[in-house]
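Colleague: Before we start, here is the structure in question, set down as structure tokens.
The numbers here are math on the coordinates, done by the rules we state, and not lab data. Quick caveat: nothing in here was measured; it's all calculated off a predicted structure. For neighbour counting, all protein chains shown are included, and Cβ atoms are generated from backbone atoms with ideal geometry for every residue, glycine included.
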Protein chains: 2
Amino acid sequence: MKTAAIGVDIGGTGVKLALVSSSGRVLTRDTFATRDHAGREALLAELSRRIRGLADEGRRRGMRIAGAGVGAPGPIDVERGFVYFFPNIPGWKNAPIRSLLERRTGLPVRVDNDANAMALGESIFGAGRGARNLIALTLGTGIGGGIVMDGRLFHGPAYSAAEIGHIVINENGPKCGCGNRGCIETYVGNGHFVRAVRERLARGEKSILSRWVREGRELTPLLVARAADRGDRLAVDQWRITATRLGTVLAGLVNVLNPERIVLGGGIALNRKHIFPVVTQVLREKAFPIAARSVRVVPAALGTDAGTVGAAALVFASVPRSGKTGRRDS
Amino acid sequence: MKTAAIGVDIGGTGVKLALVSSSGRVLTRDTFATRDHAGREALLAELSRRIRGLADEGRRRGMRIAGAGVGAPGPIDVERGFVYFFPNIPGWKNAPIRSLLERRTGLPVRVDNDANAMALGESIFGAGRGARNLIALTLGTGIGGGIVMDGRLFHGPAYSAAEIGHIVINENGPKCGCGNRGCIETYVGNGHFVRAVRERLARGEKSILSRWVREGRELTPLLVARAADRGDRLAVDQWRITATRLGTVLAGLVNVLNPERIVLGGGIALNRKHIFPVVTQVLREKAFPIAARSVRVVPAALGTDAGTVGAAALVFASVPRSGKTGRRDS
């Protein structure tokens, strides 16, 4: 009998769900807008209904449903299945999300923060396959990170580890949302990237981007990538600056964690051509030779399914290989 | 029958050895100058002779000798007991130090780099007792670091992890010996500290240190601590700057590794009064609340025995609790 799990990726804007096979294949997708179900009770009811629906579909296909995994946008006590809070979704302070969902779905539920879930998903089903030790970074508005060591997610004793976006690279740098200064997130996140380009345009630097923006196109990392593809000097330069910074940070991280692989996902990393060669070169120059030689930097492979497949991976990683629905901690 | 191990701390200047009980007590110390035994063969012969001597003494005291642990000043393949190279001791490129010493001493031998050994020693016998997850930093000329996770040293797949001194805190900072710029080591190491004070004195800042230096006293972190103890403004300020930097770095590290304890040793940390309160305060301000609340910053407890006790701990950590001389990997 084939096994599947439900992967749930809760975001501030939307919730994505998927029925995922034990080989990581997405069999069915589902999605709804978070704000349409405001308040904890409404969101819980909708989540449970959708999870049960996907589980039913799996069973109709003759599959055993091993459980539901949830990737959540905030700090989680993984062992107790407990949400400390969601920064962008009200009503979830100190909520036992795992037991609440287990009661309503009848399925074993696993919960972790979304960045950890994505890291585990890439490690088992994506760009991290074959590596027992990896770091995964999602470069978006914020920078999410997950660390897999010896095949398991590294949570730290207070489940607060892997906040890689908040390593400091310049103690006098820009103020970060976390209260520190000069965190990676303030240098490599989408917001900083777009702001830096905008400032250069405002200073009168020549770039095709000025025209595109005047024509009403939105200034995004992707648009800057398009300009860089055409050889636009400002765009190429800004990507080089960003990739160099990212490489510098990763060099320090490689010196501490000595991973076999670094998986980069998210908007910034979509622009492979302008990111990966530079990051790899900077890493070779700046990390210790033994550690630098043993690591590869690769683009994330799960794309827009990364959240749901990663959440489903929380279930598969916690199920013994025999396929029983045991409840070991992942 | 009581058990003991020999701890060996190889340094560029001197080699320290000790007979260490299984409770971490130093029973006998021995030491010799590294340069008096130049070349690999001469150093090996002397190391083996001294190790055998301490083992004999332990046996005379009626103890079982579980093995010898070696803390070595360079990168080590821990599993194979293999030295890649020692930066400051010639003749040791790609040397199988473990098997060489086992053959000559008849004892099981464990090898790791000195910073890892110290971290393990503090974790088992020193300031880390009771914490399963800790970071230990030795603040000297360089900055050595070790990471203990779930009670075990974290090496990384290429045995190159925990080089905490080479996390970058300012990508445009001073050039570091490792090839990168703005590593912690360039900001918090002894060299930088003394240089910063010297520059301030040269610029004509008033300080009691000017007189002390004129009187022929050597400008060291300890001397600056003495001045700070008397309320000397420059000295107090320089300690504050250093402690703030250290706290900033530790905040980033705490966000990634979420340790229960951070153990600080070495010359800079000897000056507890001017370091620990500031570091703790900065950490509270800058790290994520959950992670910041779960960590304590404490001074190293093993003092000048840290190297040998840590090296002996490599043996005890690899011996099953029953006390047999099994050879599990530590």
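Colleague: Please list the non-local residues whose amide H lies under 5 Å from the amide H of B:Ala301, H modeled 1.01 Å from N, same-chain partners needing a gap of 5 or more.
Modeller: B:Ala127
Colleague: Show me the trypsin sites (Lys or Arg not before Pro) within the range B:48-105 that DSSP assigns to loop and that have at most 13 other Cβ atoms within 10 Å of their Cβ. Mind dumping the intermediate values first?
Modeller: On the way: sites: B:Arg49, B:Arg50, B:Arg52, B:Arg59, B:Arg60, B:Arg61, B:Arg64, B:Arg80, B:Lys93, B:Arg98, B:Arg103, B:Arg104; in loops: B:Arg61, B:Arg80, B:Lys93.
Taking the range B:48-105 and a limit of 13 other Cβ atoms within 10 Å, the loop trypsin sites (Lys or Arg not before Pro) found are B:Arg61, B:Arg80, B:Lys93.
Colleague: Are there any GluC sites (Glu not before Pro) in the range A:176-232 that are in a DSSP loop and have at most 16 other Cβ atoms within 10 Å? List them by number.
Modeller: On the way: sites: A:Glu185, A:Glu199, A:Glu205, A:Glu215, A:Glu218; in loops: A:Glu205, A:Glu215, A:Glu218.
Counting only loop positions with at most 16 other Cβ atoms within 10 Å, the GluC sites (Glu not before Pro) in the range A:176-232 are A:Glu205, A:Glu215, A:Glu218.
Colleague: I would also like to ask the following. If I take every Cα pair under 8 Å that is 6 or more residues apart in chain B, average their sequence separation and divide by the length, what percent do I get for the relative contact order?
Modeller: Numbers: 698 pairs, mean separation 66.3, N = 330.
The normalised contact order for chain B reaches 20 percent.
Colleague: If the label for A:Arg272 sits 7 angstrom from Cα along the Cα-to-Cβ line, what are its distances to the same label in every other copy, in nm to one decimal, shortest first?
Modeller: Taking the point 7 Å beyond Cα along Cα→Cβ, the inter-copy spacings are 5.6 nm.
Colleague: What residues have an amide H closer than 5 Å to that of A:Glu163, excluding those fewer than 5 places away on the same chain, when H is modeled at 1.01 Å from N in the peptide plane?
Modeller: The answer is B:Val256.
Colleague: Multiply the residue gap between A:Arg217 and A:Arg35 by 0.36 nm, knock off their C-alpha separation, and tell me the result in nm, one decimal place.
Modeller: Values: separation 182, 0.36 × 182 = 65.52 nm, distance 2.74 nm.
Roughly 62.8 nm would be gained on extension.
Colleague: Follow-up. Shortest first and in nm with one decimal, please list how far the B:Gly177 label point sits from its counterparts in the other copies (point 7 Å along Cα→Cβ).
Modeller: Copy-to-copy label distances at B:Gly177, shortest first: 4.0 nm.
Colleague: Okay, moving on. Arrange B:Met63, A:Met1, A:Met118 by Cβ neighbour counts within 10 Å, fewest through most, would you? Show your work: numbers first, answer last.
Modeller: Values: B:Met63 19, A:Met1 6, A:Met118 32.
By the 10 Å Cβ count, ascending: A:Met1, B:Met63, A:Met118.
Colleague: Related question: Please report how far the C-alpha centroid of the range A:213-282 lies from that of the range B:283-316, rounded to the nearest whole angstrom.
Modeller: 36 Å
Colleague: Also, I was wondering about something else. Looking at the calculated P(r) for the protein assembly as shown, what percent of the C-alpha pair distances fall above 43 Å? Mind showing how you got there, number by number?
Modeller: Working: 65266 of 217470 pairs.
When all Cα pairs of the protein assembly as shown are counted, 30 percent exceed 43 Å.
Colleague: Hey, for A:Arg217 with labels 7 Å out along Cα-Cβ, what do the inter-copy distances come to in nm, ordered shortest first?
Modeller: 6.7
Colleague: Equivalent ellipsoid semi-axes for the range B:131-300, as square roots of 5 times the alpha carbon gyration tensor eigenvalues: give them largest first, rounded to whole Å. Let's see the in-between values first.
Modeller: On the way: eigenvalues 172, 60, 38 Å².
Each semi-axis is the square root of five times an eigenvalue, giving 29, 17, 14 Å.
Colleague: I'd like the Karplus ³J(HN,Hα) series for the range A:11-26: coefficients 6.51, -1.76, 1.60, θ = phi - 60°, whole numbers in Hz, and an x wherever there's a Gly or Pro.
Modeller: Each residue's phi maps through the Karplus curve to give x, x, 9, x, 10, 10, 10, 7, 8, 10, 6, 5, 9, x, 7, 7 Hz.
Colleague: Hey, in the GNM for chain A with a 10 angstrom Cα cutoff, which one of A:Ala311, A:Ala227, A:Ala292 fluctuates hardest?
Modeller: Between A:Ala311, A:Ala227, A:Ala292, it is A:Ala227 that shows the largest mean-square fluctuation.
Colleague: Rg (Å, one decimal) plus Dmax (Å, integer) for the alpha carbons of chain B?
Modeller: 20.4, 64
Colleague: Along the principal axes of its C-alpha atoms, what lengths does the range A:1-122 span, in descending order and rounded to whole Å?
Modeller: For the range A:1-122, the Cα spread along each principal axis is 39, 27, 24 Å.
Colleague: Using θ = phi - 60° and the Karplus curve 6.51 cos²θ - 1.76 cosθ + 1.60, what whole-Hz ³J(HN,Hα) does each residue of the range B:39-49 get, with Gly and Pro shown as x?
Modeller: x, 4, 5, 5, 5, 4, 4, 5, 4, 5, 4
Colleague: Taking the alpha-carbon centroid of each part, what is the distance from the range A:1-59 to the range A:67-124 in angstrom?
Modeller: Cα centres, the range A:1-59 to the range A:67-124: 13 Å.
Colleague: Using each residue's phi in the range A:217-227, evaluate 6.51 cos²θ - 1.76 cosθ + 1.60 at θ = phi - 60° and report the 3J(HN,Hα) Karplus result to the nearest Hz, with x for Gly and Pro.
Modeller: Those phi angles translate into 7, 7, 6, 10, x, 5, 5, 5, 5, 4, 5 Hz.
Colleague: Ok, one more. For the rotation that superimposes chain A on chain B, which residue of A has the C-beta lying nearest to the axis, and at what distance in Å?
Modeller: Residue of A nearest the axis onto B, distance in Å: A:Asn170, 3.
Colleague: Taking a threshold of 25 Å on the Cα-Cα distance, which of the pairs A:Lys286/B:Lys93; A:Lys206/B:Lys175; A:Lys16/A:Lys93; A:Lys16/B:Lys286 fall above it? Show your work: numbers first, answer last.
Modeller: Values: A:Lys286/B:Lys93 22 Å; A:Lys206/B:Lys175 33 Å; A:Lys16/A:Lys93 21 Å; A:Lys16/B:Lys286 33 Å.
Over 25 Å apart, Cα to Cα: A:Lys206/B:Lys175; A:Lys16/B:Lys286.
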